[in-house]
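Colleague: Take a look at the following structure, please.
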Amino acid sequence: MNTNSGIDKHTAKDIWQKLFLTADILRNTICQMIESDLHVNYAQLPLILFFLVYRDAGPAMKDLLEITGLSSGAASQAVDSLVEAGLLKRTRSEQDLRSFSVRATDKLLSVRTKLLRFLEPAQDAFRRNAGFTPEELSAVHEVFVRLAGSRTGGEYAAAKRSSDLAVPGLISNAFANRKQLEPLPDWALILLFSVNLRSSMLIYYYGKHVRMTLGKLRVMYRLFFLSCRKEADPSLKDLSTRFRTTSSLMSQTLNALISDGMLERVVLPSDPARGFRVRMSRQGLRIRRQTAASCTEFMRNFFAETEPKKIALFTRALDGMMRFLLTDGKEFLLPGEPPDMFL
């Protein structure tokens, strides 16, 4: 690991938190667009997003498990339903007839085209008003491309599974290359980066202590996000509404996480109508701190060899994107809360 980072811990933390927040603002619109066209559920969404970025990829099922963090059963069901809907197609391996690869169909690629066309006007509007020269915009885009093509490194010399992924170290995303990433707008690259980093971190750190299902991971990410931003603890009703599920199913997930020692109930006498709230337990907070520290170390690693001028340009552009999305950029976004699906 290179310990001579080009940025300090405070700047590194500020960058990844802003990237995650920007990605969450964008996810609201992107998820709504995908759902309106494809009617996908949260188990299918990681697969859809993968092919929206890597249009020509043909990963084997075992690769999809590592990329998305889905269980074998959840991934198989998601692929089956997407194949039936005409969005994915299977191709048997010539070397092993028992295995097959998965590719996007023209139907899915047409949604990809629509999504990118939707994001392009936002990118153009930001660039017109950002005050950057074409050369500066190109330098910023180069950093976004590198971020989108990176994943967290492992505790081992060569991390092979998503469950091994942690900081320190960097490894390349096996499906990312500059030819695929360079044409994408910065907004899409931000989304891709946040998907790669936080999914890997959550799978690694929480999965070391308890058996993490997709539902548990979604809740733990939500609590991680709220805790990092020092927002109020959510209630059962808040989470049920957020994830578009019944109170009964959400209660089962929360009870499981409480039994795991990750969460605890908090009853507020001043707000009895909402029942109990949930917050991270002492163990959950300890793992949150580890996860946040790893995100910070990832950023310090990433920018270790980056020129100070380029770092300054990137942080200025990121701040500008945040302001743009929260002000003028709202016209490019669909209304409503982000569905917080596991991405």
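Colleague: Give the residue that is modelled with the highest pLDDT, with candidates limited to residues of region 125-146 that are of a type in the set (A, V, I, L, M) and more than 13 Å from M321 (Cβ to Cβ).
Modeller: A139
Colleague: What single numbered condition from (1) at pLDDT 85 or above; (2) within 30 Å of M321 (Cα to Cα) fails to hold for V111?
Modeller: Result: V111 passes all but (1).
Colleague: Next question, about the same structure. Could you figure out which of (1) among the hydrophobic types (A, V, I, L, M, F, W, C); (2) at pLDDT below 85; (3) closer than 30 Å to V143 by Cα; (4) assigned to a helix (DSSP H, G or I) isn't true of I190?
Modeller: Unmet condition: (2).
Colleague: Could we say that L326 is surrounded by fewer than 19 Cβ atoms within 10 Å (Cβ to Cβ) and of a type outside the set (D, E, K, R) here?
Modeller: Details: surrounded by fewer than 19 Cβ atoms within 10 Å (Cβ to Cβ): yes; of a type outside the set (D, E, K, R): yes.
Judged against the criteria, L326 is a match.
Colleague: On to the next question. Among the residues that make up region 299-306, is at least one of them under 25 Å from the mean Cα position of the chain (by Cα) and over 30 Å from A139 (Cα atoms)?
Modeller: Looking for residues that are under 25 Å from the mean Cα position of the chain (by Cα) and over 30 Å from A139 (Cα atoms), one finds none in region 299-306, hence no.
Colleague: Quick check on region 120-135: of everything there that is in a helix (DSSP H, G or I) and buried (at least 17 other Cβ atoms within 10 Å of the Cβ), which residue is farthest from the chain's Cα centre (by Cα)?
Modeller: R127
Colleague: May I pose another question? Out of the residues in region 18-39 that are polar (S, T, N, Q) and surrounded by 17 or more Cβ atoms within 10 Å (Cβ to Cβ), which is modelled with the highest pLDDT?
Modeller: T22
Colleague: In the list F276, F243, F225, which residue meets the criterion of being within 17 Å of I203 (Cβ to Cβ) and among the hydrophobic types (A, V, I, L, M, F, W, C)?
Modeller: Exactly one of F276, F243, F225 is within 17 Å of I203 (Cβ to Cβ) and among the hydrophobic types (A, V, I, L, M, F, W, C), namely F225.
Colleague: Another question about this same structure. State whether one or more residues within region 271-280 are under 30 Å from A148 (Cβ atoms), touching a residue at least 60 places away in the same chain (Cβ under 8 Å) and within 23 Å of the chain's Cα centre (by Cα). Walk me through how you get there before you give the answer.
Modeller: Kept after step one, since they are under 30 Å from A148 (Cβ atoms), are these residues of region 271-280: 280.
When the remaining residues are screened for being touching a residue at least 60 places away in the same chain (Cβ under 8 Å), the result is none.
Checking region 271-280: not a single residue is under 30 Å from A148 (Cβ atoms), touching a residue at least 60 places away in the same chain (Cβ under 8 Å) and within 23 Å of the chain's Cα centre (by Cα).
Colleague: Determine if region 224-235 includes at least one residue that is at pLDDT 80 or above, within 15 Å of the chain's Cα centre (by Cα) and closer than 12 Å to R279 by Cβ.
Modeller: Checked against the condition, which is being at pLDDT 80 or above, within 15 Å of the chain's Cα centre (by Cα) and closer than 12 Å to R279 by Cβ, region 224-235 yields at least one hit.
Colleague: Can I ask one more? Enumerate the pairs (first residue in region 60-84 and polar (S, T, N, Q) and at pLDDT below 80; second residue anywhere and part of a helix (DSSP H, G or I) and surrounded by 15 or more Cβ atoms within 10 Å (Cβ to Cβ)) with beta-carbon separation below 7 Å, excluding pairs fewer than 6 apart on the same chain, so at least 6 apart or on different chains.
Modeller: T68/P46; T68/L47; T68/F50; T68/A75; S72/L65
Colleague: Can I ask one more? Taking R151 as meeting all but one of (1) closer than 29 Å to L202 by Cβ; (2) modelled with pLDDT of 85 or more; (3) among the charged types (D, E, K, R), write down the number of the exception.
Modeller: Unmet condition: (2).
Colleague: Hey, does region 292-313 have a residue that's among the hydrophobic types (A, V, I, L, M, F, W, C), without any contact (Cβ under 8 Å) to a residue 60 or more places away in the chain and farther than 21 Å from G207 by Cβ?
Modeller: Looking through region 292-313, at least one residue is among the hydrophobic types (A, V, I, L, M, F, W, C), without any contact (Cβ under 8 Å) to a residue 60 or more places away in the chain and farther than 21 Å from G207 by Cβ.
Colleague: Spot the failing condition for P183; the list is (1) closer than 24 Å to L223 by Cβ; (2) at pLDDT 75 or above; (3) surrounded by fewer than 21 Cβ atoms within 10 Å (Cβ to Cβ), and only one is missed.
Modeller: (1)
Colleague: Let me ask you something else. Any idea which of T213, T306, T245 is over 28 Å from A75 (Cβ atoms) and either modelled with pLDDT of 90 or more or of a type in the set (S, T, N, Q) (or both)?
Modeller: T306
Colleague: How about region 232-313: which helices (runs of 4 or more DSSP H) wholly inside it have at least 2 residues that are among the β-branched types (V, I, T)?
Modeller: On the way: elements: 236-242, 247-259, 282-302.
Once the helices (runs of 4 or more DSSP H) in region 232-313 are filtered for at least 2 residues that are among the β-branched types (V, I, T), what remains is 247-259, 282-302.
The values are calculated or read from the model by the stated rules, or taken from the named source; none is laboratory data. Please read these numbers as outputs of a predicted model, since none were measured by experiment. Every residue, glycine among them, receives a Cβ derived from its backbone with ideal geometry; neighbour counts consider all protein chains shown.
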